[in-house]
Amino acid sequence: MKKITIFPSRSRCALRLMLPLALLCFFSGAPRHADSARVFTIVNMCETVIWPAVTPGSDSFGFGGGFALRPQQSVVLRAPAGGWSGRIWARTGCAFDASGNGTCATGACGTALKCGGASGEPPASLAEFTLASPSDFYDVSLVDGFNLPVAVRPVNGRGNCSVAGCDGDLRRTCPPELATKAAGGRTVACRSACDVFDTDQYCCRGKFGGPGTCPPTAYSKQFKAACPTAYSYAYDDPSSLFTCSNADYIITFCSDRKKQVCSYHNNRLVCSDSSRSGPIISMLLLMLPLVFLVLHISV
């Protein structure tokens, strides 16, 4: 498991130092996993620290099921051999002590930093995966509510491989009756109508317990507007459940589906809008002399 921080440019001097180092590190050919490895890259594009949770997680996958991730930082995880089925989400507003015990404003899995096999408390935006052969299944689910925008991007895969998730931040448009607020009245999450009202209509149960009898509601349509390719209610399958074969996955918090995000696999840079990394590497290699020339002239 590797953490990577995308450092902001703080000065011209810092840029001169960091850019060559970053390029040298990138092209150094550090050992990578085998072709069969399934790689998850979790990226924090939020303005604050988040605490991603992985369930079921282990010490070798997801740091025991939970960890802190600073703004502009990413972490690369290798999925367990033989497949994996589970959830990844982000907790917010957390405070943990040295023993890993504490509280979170949203998404808590009890009082532990490391969730292990525990689920998160709603409302929380969930990235869900079943890695299998011949195809994986993956989605973003807001059925249990929303706490952060999230997008799931397959790379290196074959098939439909669409981007699941959000374009907007539902906290900004959450109906007051669904809003979870922090001190000062700031909305930190948006609960589902099922969670708030607990009726058959909103929970798709009883006489509403089927795809033909549980249509979208005004509330689920608001969720769908913010996250067009996420589950907004239980039977939102046609535009929300996706498949891809033998893919790696980039899970980005506080981003949108259209923003390009890159990860690493087998010494290659692979980006969310392309399954072919060779041309990218070639272009960057051709640019290296120009980059160093510009840096030399600017000294």
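The values are calculated or read from the model by the stated rules, or taken from the named source; none is laboratory data. All values derive from a computational prediction rather than experimental measurement. Because the Cβ atoms are built from the backbone with ideal geometry, glycine has one as well, and the counts that use them run over all protein chains shown. Heads up: the accessible areas ignore ligands, DNA and RNA and are worked out on the full protein's heavy atoms, side chains in. Shrake-Rupley method; radii C 1.70, N 1.55, O 1.52, S 1.80 Å.
Mind counting the residues in segment 70-83 that are closer than 18 Å to P154 by Cα and open to solvent by 20 Å² or more (accessible area, probe 1.4 Å)?
Going through segment 70-83 one residue at a time, the tally reaches 3.
Does segment 194-211 contain at least one residue that is in contact with a Cys (Cβ under 8 Å, 6 or more places away or on another chain), part of a strand (DSSP E or B) and within 15 Å of D144 (Cα to Cα)?
no
So is C109 modelled with pLDDT of 95 or more and in contact with a helix residue (DSSP H, G or I) (Cβ under 9 Å, 6 or more places away or on another chain) or not?
The answer is yes for C109.
Is it the case that some residue within segment 222-234 is open to solvent by less than 50 Å² (accessible area, probe 1.4 Å), part of a strand (DSSP E or B) and modelled with pLDDT of 95 or more?
Checked segment 222-234: at least one residue is open to solvent by less than 50 Å² (accessible area, probe 1.4 Å), part of a strand (DSSP E or B) and modelled with pLDDT of 95 or more.
Residue check: is F67 open to solvent by less than 40 Å² (accessible area, probe 1.4 Å) and modelled with pLDDT under 95?
no
Do we have any residue at all in segment 205-220 that's of a type in the set (S, T, Y), under 30 Å from G62 (Cα atoms) and at pLDDT 95 or above?
Scanning segment 205-220, I find no residue that is of a type in the set (S, T, Y), under 30 Å from G62 (Cα atoms) and at pLDDT 95 or above, so the answer is no.
When only residues in segment 16-37 that are outside any helix (DSSP H, G or I) and surrounded by 14 or more Cβ atoms within 10 Å (Cβ to Cβ) count, which is modelled with the highest pLDDT?
H33
Given the conditions (1) of a type in the set (S, T, Y); (2) within 26 Å of S245 (Cα to Cα); (3) modelled with pLDDT of 95 or more, which single one is not true for S60?
Here S60 clears every test but (3).
Here is a list: D167, D198. Which entry is surrounded by fewer than 22 Cβ atoms within 10 Å (Cβ to Cβ), in contact (Cβ under 8 Å) with a residue 40 or more places away in the chain, more than 26 Å from F67 (Cβ to Cβ) and of a type in the set (D, E)?
Step by step, each of D167, D198 is checked, and only D167 is surrounded by fewer than 22 Cβ atoms within 10 Å (Cβ to Cβ), in contact (Cβ under 8 Å) with a residue 40 or more places away in the chain, more than 26 Å from F67 (Cβ to Cβ) and of a type in the set (D, E).
Which one of the conditions (1) modelled with pLDDT of 95 or more; (2) open to solvent by 30 Å² or more (accessible area, probe 1.4 Å); (3) part of a loop (DSSP other than H, G, I, E, B) does E177 fail to meet, given that it meets all the rest?
Failing condition for E177: (3).
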